[in-house]
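The values are calculated or read from the model by the stated rules, or taken from the named source; none is laboratory data. Remember, it's a predicted structure, so these values are computed and weren't measured experimentally. Here the Cβ is made from the backbone with ideal geometry for all residues, glycine too, and neighbour counts use every protein chain on show. Heavy atoms of the whole protein, side chains included, go into the accessibility calculation; ligands, DNA and RNA do not. Shrake-Rupley method; radii C 1.70, N 1.55, O 1.52, S 1.80 Å.
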Amino acid sequence: MMHNRFAGEKLKFIRQLAENGIKLNCQVVCCPGLNDGDELRRTLRDLGELMPNITSMAVVPVGVTRFRQGLYPLTTFNKQTAGETIDIIAEYQEQFLRKFGTRTVFPSDEFFLIAERDIPDMEYYEDFSQYENGVGMLRSLMDEFGKALEIAEWEGGERHVTIATGYSPYPIICQLARQAEETFPQLKCDVVRIRNDFFGDTITVTGLITAQDLIAQLKGRDLGDELLISSAMLRRDSDVFLDDMTVSDVERELGVPLRSSDSDGYELLDAMMGVTY
């Protein structure tokens with residue numbers, strides 16, 4: 001797949017590091033038909049032999065864009081194969097939990113969304129060691145949002161906002177929006193899933209949505225008082241999208257203020273309510 005006949009030799013360096021006391025956090029990018037199924041079992045078994053110096057593992061699904069001319073043919077996960085992968089990981093979580101007192105390996109949130117399974121509870125994720133790899137982000141967001149709703153107080157009049165999100169987290173964001181509307185009747189919160197035409201419709205995460213896709217799919221709609229997006233769409237510490245357009249470009253094209261928020265339930269609710277800092 002890498003067009004490098006020496007690529008497999010790199011695996012010995014992982015063993016060398018772990019056997020010399022280096023603590024490792026690992027990510028397994030799982031590709032259907034290549035390193036899922038029994039190959040995934042072998043990977044988890046091999047890494048398990050290096051514990052406790054393997055401190056955590058994330059298993060994430062491969063992302064396949066439309067730009068694949070001349071590249072190794074890859075397929076994406078579906079409901080069945082994503083569920084099978086979760087079940088394989090669960091086998092090893094049970095083994096590691098009995099032997100080491102920790103699950104160690106976790107599927108990313110995207111696997112649960114693809115498999116149409118419920119997001120596990122907070123305890124499942126232990127110390128959220130693979131949070132930055134998309135492991136437990138949605139559970140954290142959901143629980144924080146629920147706590148934020150318990151203490152929030154509405155100020156001002158009616159408010160209408162639109163949230164733009166990717167196809168994968170769309171059901172979860174809809175669920176949060178409905179909770180907010182039920183708590184605060186003054187709020188109308190529309191959720192729109194954005195198809196990723198820039199990278200290809202197989203890319204369904206929110207963080208890879210571009211400005212031009214936002215503009216193309218939202219122009220002419222009643223977006224309300226503000227358009228809310230995830231800050232993951234923007235380059236770190238900037239107002240620039242992945243296609244080099246800016247927040248002000250989107251605001252000008254859509255005729256509505258744009259507000260970004262982190263993957264934080266409290267901040268998301270503040271954005272829905274129009275709370276300013």
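Residues of region 12-25 that are surrounded by 12 or more Cβ atoms within 10 Å (Cβ to Cβ) and part of a helix (DSSP H, G or I): ILE14, ARG15, LEU17, ALA18. The residues in region 39-69 that are open to solvent by 40 Å² or more (accessible area, probe 1.4 Å), under 19 Å from ASP87 (Cβ atoms) and either assigned to a loop (DSSP other than H, G, I, E, B) or in contact with a helix residue (DSSP H, G or I) (Cβ under 9 Å, 6 or more places away or on another chain) (or both) can be counted, and the count is 2. Residue by residue through region 26-37, note down the ones that are loosely packed, with under 15 Cβ neighbours inside 10 Å and either more than 20 Å from GLY63 (Cβ to Cβ) or more than 22 Å from the chain's Cα centre (by Cα) (or both). Across region 26-37, the qualifying residue is only GLY33.
Right, ARG221: surrounded by fewer than 17 Cβ atoms within 10 Å (Cβ to Cβ) and in contact (Cβ under 8 Å) with a residue 40 or more places away in the chain or not? Even if it seems obvious, please write down each step before you answer.
On the way: surrounded by fewer than 17 Cβ atoms within 10 Å (Cβ to Cβ): yes; in contact (Cβ under 8 Å) with a residue 40 or more places away in the chain: yes.
When the stated conditions are applied, ARG221 passes them.
Exactly one residue among THR81, THR75, THR85 is touching a residue at least 24 places away in the same chain (Cβ under 8 Å), surrounded by 13 or more Cβ atoms within 10 Å (Cβ to Cβ), in a loop (DSSP other than H, G, I, E, B) and under 20 Å from the mean Cα position of the chain (by Cα), and that residue is THR75.
When the residues of region 101-136 are filtered to those that are open to solvent by 70 Å² or more (accessible area, probe 1.4 Å) and in a helix (DSSP H, G or I), the one that is nearest to THR202 (Cα to Cα) is GLU132. Can you name the residue in region 245-268 that is in a loop (DSSP other than H, G, I, E, B) and under 22 Å from the mean Cα position of the chain (by Cα) and, of all such residues, is farthest from ALA211 (Cα to Cα)? That would be ASP264.
Test ILE88 against the stated conditions and say whether it is at pLDDT 95 or above, of a type in the set (A, V, I, L, M) and more than 24 Å from THR206 (Cα to Cα).
Values: at pLDDT 95 or above: yes; of a type in the set (A, V, I, L, M): yes; more than 24 Å from THR206 (Cα to Cα): yes.
Judged against the criteria, ILE88 is a match.
For region 176-197, check the following and say yes or no: at least one residue is surrounded by fewer than 17 Cβ atoms within 10 Å (Cβ to Cβ), outside any strand (DSSP E or B), modelled with pLDDT of 95 or more and under 17 Å from the mean Cα position of the chain (by Cα). Yes: region 176-197 contains one or more residues that are surrounded by fewer than 17 Cβ atoms within 10 Å (Cβ to Cβ), outside any strand (DSSP E or B), modelled with pLDDT of 95 or more and under 17 Å from the mean Cα position of the chain (by Cα).
Within region 137-175, the set of residues being open to solvent by 40 Å² or more (accessible area, probe 1.4 Å), closer than 30 Å to THR102 by Cβ and free of Cβ contacts under 8 Å to residues at least 60 places away in the same chain comprises PRO171, GLN175.
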